[in-house]
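Peer 1: My questions will all concern the structure given below.
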Amino acid sequence: MKYFRGTRVIARYFLVCFIAISAFSVVAYGQSKIVYLETVLMYNFETLDEWLPISNSSRFIFRGTRTNENGVDFTYPSLRLFASTPAGMGNRGSYSTNSLGASVSFFRKSHNFFDLVPAEQKIIPGLVENLEVWVWGGNYNYTAEMILSDYKGYTHKLPLGSLRYIGWKNLKANVSSHIPQQEPYVPRARGLRFLNFRFTSSPEERPDNFIVLLDYFQAVTDTFSETYDGSDIETKLGVEAGGATADQYKRSNGEEEENNNTTQAEQAQ
C-alpha cells in the first residue's frame, strides 16, 4: 500500500511540475512575439481592366464564338461584370457593386484548366495568415486554387477547394508555415506576390460552357513592424534596395503619407 501511495505522490509531483513549466513557457515565450493582424483588400472585381484576358496552358481551350441551342452566340473565353454581390458579405457589401464572371469552353474532356490573371500582380503586405475570396459556383466539377510567389521567386499553390456547388461561397486558403515570407537578413524583404487564380476541371466534367464568378478577395496578414535600437538603419537600407522591398519599408515607415503631404503642400503653393 505504501508503494502505491508513493507512486501516486510522485506522479502528482511530476504533473504539477509539467503544468508549471508549460505555463512558464507560455508567459516567457508565447507573449514575446507581437502580432498585429489586419485585413487587407486585394482585389474587388469592380472593373474589367483590373484583369488581363484569361491565360491558360491547355491546348484544348476553345477560342471564338459558339451558338447554343437557342441560337444565342457566346464568345469564349470571356470576362464580364455582373451587377450582383454575395449577400453573405454583410457590411463589406457596401464596398462592392459588381462581381467578375469568367466563361470558358474546351474542345474535349480532360484535366482542362485556365488561369485568371490580374493586370497588377500585387505583393501582400506583412506576413500572410490566410486568403479569402467569394466564389460563385454553377455545380461544375472544377477545383480552384491560388498561385503565389515568395521573395525568392518560387511559386506555391494554395487550394481553395471544389466548385461543385450552386451560388456564392467564401473560399479560404491558409498559408503554410513552410512557405518563406521573410528573408532572415536585413533589409528583410517580405511579402507574397499574388500571381493568379487557377481553375481545373475533372476529366469526367463536360468541356463546354463553364462559368465562375468572383468577388472581394482579401488577405488576413500580420503587419506588425518591429522597432529596435538601430531599426532606422534597416529602414534606410530597405528604401535604398528599391523595388518591392523599398515599397515595404516606405509603407511601414509612413514615408508614403509624408510624401503625399509634401506633394499637396507644393501644389497649394
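Peer 1: Enumerate the residues in region 94-120 having an amide nitrogen under 18 Å from the point lying 7 Å beyond the Cα of THR223 toward its Cβ.
Peer 2: Counting only backbone N, you get 95.
Peer 1: May I ask for the distance between the Cα centers of region 203-218 and region 144-192, given as a whole number of Å?
Peer 2: Going from one Cα centre to the other spans 20 Å.
Peer 1: Tell me which chymotrypsin sites (Phe, Trp or Tyr not before Pro) from region 116-187 have a DSSP coil assignment and no more than 10 other beta carbons within 10 Å of their own.
Peer 2: Loop-located and lightly packed - TYR154, TYR185.
Peer 1: Roughly how many nanometres apart are two label points built 7 Å out from the Cα toward the Cβ at SER231 and SER78?
Peer 2: 5.2 nm
Peer 1: Please go through region 61-104 and write out the trypsin sites (Lys or Arg not before Pro) that DSSP classes as loop and that have at most 13 other C-beta atoms within 10 Å.
Peer 2: Those that pass, being in a loop and sparsely packed, are ARG63.
Peer 1: How large is log10 I(q)/I(0) at q = 0.23 Å⁻¹ when the Debye formula is applied to the Cα atoms of region 29-88, each weighted equally and without solvent?
Peer 2: -1.12
Peer 1: By counting other Cβ atoms within 10 Å of each Cβ, how are ILE166, ILE211 ranked from fewest to most?
Peer 2: By the 10 Å Cβ count, ascending: ILE166, ILE211.
Peer 1: Next up: Take ASP208, ASP73 and order them by how many other Cβ atoms sit within 10 Å, fewest up front.
Peer 2: ASP73, ASP208
Peer 1: Non-local amide H neighbours of SER96 (under 5 Å, H modeled in plane, Pro and chain starts lacking H): which ones?
Peer 2: Amide H neighbours of SER96, under 5 Å, 5+ apart: none.
Peer 1: Sticking with this one: Based on other C-beta atoms within 10 Å, arrange PHE62, PHE197 from fewest to most.
Peer 2: If I rank by nearby Cβ atoms, fewest first, I get PHE62, PHE197.
Peer 1: Then there is this: For region 118-129, in order, what is each residue's ³J(HN,Hα) by Karplus, 6.51 cos²θ - 1.76 cosθ + 1.60 with θ = phi - 60°, in whole Hz (x at glycine and Pro)?
Peer 2: Result, ordered by residue: x, 5, 10, 7, 7, 8, 7, x, x, 9, 7, 9 Hz.
Just so you know, all these numbers are worked out from the coordinates, no wet-lab data involved. Predicted model, so just to flag it, every value in this text is computed and none were measured. Neighbour counts are summed over all protein chains in view; Cβ atoms, including those assigned to glycine, are modelled from backbone coordinates with ideal geometry.
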